[in-house]
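Only one structure is covered here, and it is reproduced in the block below.
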Amino acid sequence: METPVSPVDQRLQEEFKQFLGLFNWQPVIKVLRPFSVLTVADIGARNFAFAPILDEHFKAIGLQAIIHGIEMDAYRRLINFHTRADYGHYYAKSIASGQYHPIDFLTWNQPLQIGFLLNPFVTREALLAWGLPLSLLKPEKIFHHAYSLLRPQNGVLVLSNIDEHEIEISYQIAKDVGFVIGERATWFPQTGAPPTALPRYGTILYAS
Ligand SMILES: C[S@@+](CC[C@H](N)C(=O)[O-])C[C@H]1O[C@@H](n2cnc3c(N)ncnc32)[C@H](O)[C@@H]1O
C-alpha cells in the first residue's frame, strides 16, 4: 500500500504516545519482566495504527514483545476503498514482530501477558455510533475473556474509556470478573485538536 499513514492516523498515533507517557510503567515492568518475550494484544485494534507506537513503547521500557492487533470489523470498505485489514497488515509488517488478526477477540485463545483494551464498546450508543449491530455489545464477555487469558500469567490490561460514564460501567465489569484496579491517568485533547478528538481516561488493571 502507498501512503498508508493518513493525517488522522498520525494524530491518533501522537495522542496515543502521549497517553502511554502519562503512566508510571515501573510496576507493570516488574510484573512483566520474568517473561523473555511478551505476547501483547491490542483488542479492538481498528486498523492497528497503534502498532508502531506500542512497538516503540515496549522497546523504550526494555521488554521484548510480539504485538497482535485483533479486530472483528476488519473488512468494511473505507472511503478510499481499502479496508482496516489492509492497513492492519501494513502496520503489522512495519514493526519487528507484529500480526494483525481480523477476528472476534472472543475466539482468540493464546495466553497474553498484556492487553490493551482501548475504548471498548460498553454502551449501546457507542456501538451504534460505529455503525455496528447491538448484538455485538458484549462487554462482560470481553472483559471476562481478557481476564481468563491474562490471569495465569498475572498479566495486565491497559484500559481506556472516553468518559466517566463508560469508566463506571467498565470498572464494575472489570471488578466483577476479577481485575484489580491500578494506576489511572487521563489524556485530554490539546488546544487546536479537532472536535472529534476525545479524552482517554486510562486505567491499568491487574489480573492477579
Ligand atoms: C470504539 S472502537 C476503539 C478503536 C481503538 N481501540 C481506539 O481506541 O481508538 C472499538 C473497536 O473494537 C472493535 N471490537 C469490538 N468488539 C470486538 C471483538 N469482540 N473482537 C474484536 N474487535 C472488537 C470494534 O470493531 C472497534 O473497531
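The values are calculated or read from the model by the stated rules, or taken from the named source; none is laboratory data. Given the structure is predicted, the values throughout are model-derived calculations rather than measurements. Please note: Cβ atoms are built from the backbone with ideal geometry, for glycine as well, and neighbour counts cover all protein chains shown.
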#### Entry: Verdict on residue 106 being closer than 15 Å to residue 41 by Cα and either free of Cβ contacts under 8 Å to residues at least 24 places away in the same chain or assigned to a strand (DSSP E or B) (or both)
no
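Name the single residue that is farthest from residue 59 (Cα to Cα) among those in segment 84-97 being not aliphatic (A, V, I, L, M) and not in a helix (DSSP H, G or I). Before the answer, list the steps.
Quick first cut of segment 84-97, residues not aliphatic (A, V, I, L, M) only: 84, 86-91, 93-94, 97.
Still in the list and also not in a helix (DSSP H, G or I): 94, 97.
Numbers: 94: 15, 97: 12 Å.
Out of the qualifying residues, it is 94.
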### Summary
Within segment 101-137, of all residues that are of a type in the set (Gly, Ala, Ser) and surrounded by 12 or more Cβ atoms within 10 Å (Cβ to Cβ), the one modelled with the highest pLDDT is 115
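Residue by residue through segment 21-44, note down the ones that are touching a His at 6+ places or on another chain (Cβ under 8 Å) and within 16 Å of the ligand (Cβ to nearest atom).
40, 41, 42, listed by residue number.
Within 25 Å of residue 161 (Cα to Cα), among the small types (Gly, Ala, Ser) and under 17 Å from the mean Cα position of the chain (by Cα), is that true of residue 60? Spell out the reasoning first.
Details: within 25 Å of residue 161 (Cα to Cα): yes; among the small types (Gly, Ala, Ser): yes; under 17 Å from the mean Cα position of the chain (by Cα): no.
Against the criterion (within 25 Å of residue 161 (Cα to Cα), among the small types (Gly, Ala, Ser) and under 17 Å from the mean Cα position of the chain (by Cα)), residue 60 does not qualify.
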#### Entry: Options 20, 78; residue that is over 23 Å from residue 144 (Cα atoms), within 13 Å of the chain's Cα centre (by Cα) and among the aliphatic types (A, V, I, L, M)
20
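Step by step: first the residues of segment 45-78, then only those that are closer than 20 Å to residue 127 by Cα and aliphatic (A, V, I, L, M), then the one that is nearest to the ligand (Cβ to nearest atom). Which residue is that? Before the answer, list the steps.
Filtering segment 45-78 for residues closer than 20 Å to residue 127 by Cα gives 45-48, 69-78.
Those still in the list that are aliphatic (A, V, I, L, M) too: 45, 70, 72, 74, 78.
Numbers: 45: 6, 70: 5, 72: 4, 74: 8, 78: 12 Å.
Ranking the candidates gives 72 first.
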### Query
Taking residue 81 and the conditions (1) within 15 Å of the ligand (Cβ to nearest atom); (2) over 20 Å from residue 112 (Cα atoms); (3) outside any helix (DSSP H, G or I), which numbered condition does it fall short on, given that it satisfies the others?
(1)
